[in-house]
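Here the structure is laid out as structure tokens; the discussion comes afterwards.
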Amino acid sequence: MKNRCFAQVILLTIMLATGGIAQAAELSIGSMSMAPDAVDVLVVSGHVDEEFTSGVMCMLEIVPREGNTGALVFTSAPPVDVVQLGDPWLGSGTFAAWDTDGTFSLAMNGSTRDSAMPPESLVFSGELSGFPIVASADAEGVWDVTLSTSVGDSSWEGIGTTLVAGTVRVVPEPSTLVLLAMGGLVALGWWRRRK
């Protein structure tokens, strides 16, 4: 009996370590691409499967990778322009966007959605909040977007929540690259003719 219990504990540990057991709650940010000097929306999606919860908190931070140029930030009006996309409690309760760290940093932002009811068994899968972002004209590279900030982590209230971070890749549009290539060819032709 002792060996059987030990084997079950080892199997459970392996399943947890390899992702063999799914969490009942998740928050995620999809990865996306955008052009420089553009505005787009980061979307936080959520999933909860028959768990008791009465709220969800989304806390985002945009973190540049080494070698990036320019800037990728939340639009200059946060948190006023953060919007609710999906409603797990169908009109019961409140949605609020707020400045995650209280400094009006354009790298952090957040939202909460609370039910007016006590915790109830909830089944929901879909988009929760939209966070507008803007890339500077000289932006290029990859930015990580985490669901954790210096003041805390995102979560479904009272439930262990798997957090899936995303990335935003800022790349020049193909038409910009074509124009740059054509300009290079013109310059090369001009240089060859002068020789």
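Conditions first: (1) in contact with a Pro (Cβ under 6 Å, 6 or more places away or on another chain); (2) more than 19 Å from residue 60 (Cα to Cα); (3) without any contact (Cβ under 8 Å) to a residue 60 or more places away in the chain. Residue 137 passes all but one, so which condition is the exception?
Only one criterion is unmet by residue 137, namely (3).
Go through segment 121-148 residue by residue and tally those that are β-branched (Val, Ile, Thr) and more than 22 Å from residue 85 (Cα to Cα).
Total satisfying the criteria: 1.
What number of residues within segment 59-89 satisfy the criterion of being in contact with a Phe, Trp or Tyr (Cβ under 8 Å, 6 or more places away or on another chain), among the hydrophobic types (A, V, I, L, M, F, W, C) and outside any strand (DSSP E or B)?
Selection size over segment 59-89: 1.
Quick one: is residue 132 in contact (Cβ under 8 Å) with a residue 24 or more places away in the chain, touching a Gly at 6+ places or on another chain (Cβ under 9 Å) and not hydroxyl-bearing (Ser, Thr, Tyr)?
no
Identify, from the list 87, 153, the residue that is surrounded by 12 or more Cβ atoms within 10 Å (Cβ to Cβ), of a type in the set (Asp, Glu) and more than 15 Å from the chain's Cα centre (by Cα).
Sole residue among the options that is surrounded by 12 or more Cβ atoms within 10 Å (Cβ to Cβ), of a type in the set (Asp, Glu) and more than 15 Å from the chain's Cα centre (by Cα): 87.
Select from segment 82-118 the residues that are among the acidic types (Asp, Glu) and closer than 22 Å to residue 152 by Cβ and write down the one among them that is modelled with the highest pLDDT.
Here the residue is 114.
Against the condition touching an Asp or Glu at 6+ places or on another chain (Cβ under 8 Å) and of a type in the set (A, V, I, L, M, F, W, C), how does residue 74 come out, does it pass?
When the stated conditions are applied, residue 74 does not pass them.
Among the numbered criteria (1) charged (D, E, K, R); (2) under 15 Å from the mean Cα position of the chain (by Cα); (3) more than 30 Å from residue 50 (Cβ to Cβ), which single criterion is violated by residue 138?
Going through (1) charged (D, E, K, R); (2) under 15 Å from the mean Cα position of the chain (by Cα); (3) more than 30 Å from residue 50 (Cβ to Cβ) one by one, residue 138 breaks only (2).
Name the single residue that is nearest to residue 172 (Cα to Cα) among those in segment 15-30 being under 10 Å from the mean Cα position of the chain (by Cα) and modelled with pLDDT of 95 or more.
29
Being surrounded by fewer than 20 Cβ atoms within 10 Å (Cβ to Cβ) and in contact with a Lys or Arg (Cβ under 9 Å, 6 or more places away or on another chain) narrows it down to one of 126, 93, 130, so name that one.
93
Out of all the residues in segment 117-125, is one or more over 27 Å from residue 48 (Cα atoms) and small (Gly, Ala, Ser)?
Checked segment 117-125: no residue is over 27 Å from residue 48 (Cα atoms) and small (Gly, Ala, Ser).
Looking only at segment 52-72, count how many residues are under 17 Å from residue 115 (Cβ atoms) and either loosely packed, with under 15 Cβ neighbours inside 10 Å or in contact with a Pro (Cβ under 9 Å, 6 or more places away or on another chain) (or both).
The total comes to 5.
The values are calculated or read from the model by the stated rules, or taken from the named source; none is laboratory data. Since we're looking at a predicted model, the values are computed, not measured. Reconstructed Cβ throughout: ideal geometry from the backbone, glycine too, with neighbour counts over all protein chains shown.
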